[in-house]
Amino acid sequence: MKMINKIQNWGDHHHPKWLDFFRIALGAVLIWKGIAFTLNFHAITRLMMEVGFGTAISISLIAHVVIGLHLIGGLFIAVGSLTRLFCLLNLPVLLGAVFLVNLQPSIFAPYAELWLSVAVLLGLICFLIEGDGVISVEYDGEPTPLQN
């Protein structure tokens, strides 16, 4: 537990202001993908069937959880509220997207989204460590060394 507190404290005190714009963009990408999954629900369920996630009920449940985490998590990450929590909750989804869905023989096909998934995964890991930042609803006004 001490290690988690050390990482959180380090992230809170070494967070440049420009990094917040990447956090906002990360949240917007998650919201965009959540909307895209909602509009193409049949495609996400077909993709999960191809990967072999299980029965129709479990695939539907997983698809709804993914969409909810992307929409709600993206909103919270973009506004800077509970950023670390929603980054942590979205990590398994993106790990599944990178290693189970996008690492198929068609990763070099047109419109393959492996690179976007990897970028979002790296962003989630970054903001899991860095936290909210200055441009967020949870900013308490305490100045940090790198906020210029």
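The values are calculated or read from the model by the stated rules, or taken from the named source; none is laboratory data. Just so it is clear, the model here is predicted, and its values are computed rather than measured. Positions of Cβ are backbone-derived with ideal geometry, glycine not excepted, and every protein chain shown enters the neighbour counts. Remember, those area values only see protein heavy atoms, side chains included, never the ligands or the DNA or RNA. Shrake-Rupley method; radii C 1.70, N 1.55, O 1.52, S 1.80 Å.
Some notes on this structure:
- These residues, ILE4, ILE57, go from largest to smallest accessible area, 1.4 Å probe, as ILE57, ILE4.
- In Hz, Karplus ³J(HN,Hα) per residue of segment 67-78 (6.51, -1.76, 1.60; θ = phi - 60°; x = Gly, Pro): 5, x, 5, 5, 5, 6, x, x, 5, 5, 5, 5
- A probe of 1.4 angstrom, applied to the heavy atoms of all protein chains, finds LYS6 with accessible area near 140 square angstrom.
- Ranked by solvent-accessible area (1.4 Å probe, protein heavy atoms only, all chains present), the residues VAL98, VAL137, VAL29 order from largest to smallest as VAL137, VAL29, VAL98.
- Additional length obtainable on full extension of the chain from LEU88 to GLU138, 0.36 nm per residue less Cα span: 16.2 nm
- Computed extension length for ARG46-ALA25: 4.7 nm, one decimal, from 0.36 nm per residue of separation with the Cα-Cα distance subtracted.
- Using θ = phi - 60° and Karplus 6.51 cos²θ - 1.76 cosθ + 1.60, couplings along segment 26-39 (whole Hz; Gly, Pro as x): 4, x, 5, 5, 5, 5, 4, 5, x, 5, 4, 5, 5, 6
- Protection proxy ranking of 70-80, 34-44 - average other beta-carbon atoms within 10 Å, highest first: 70-80, 34-44
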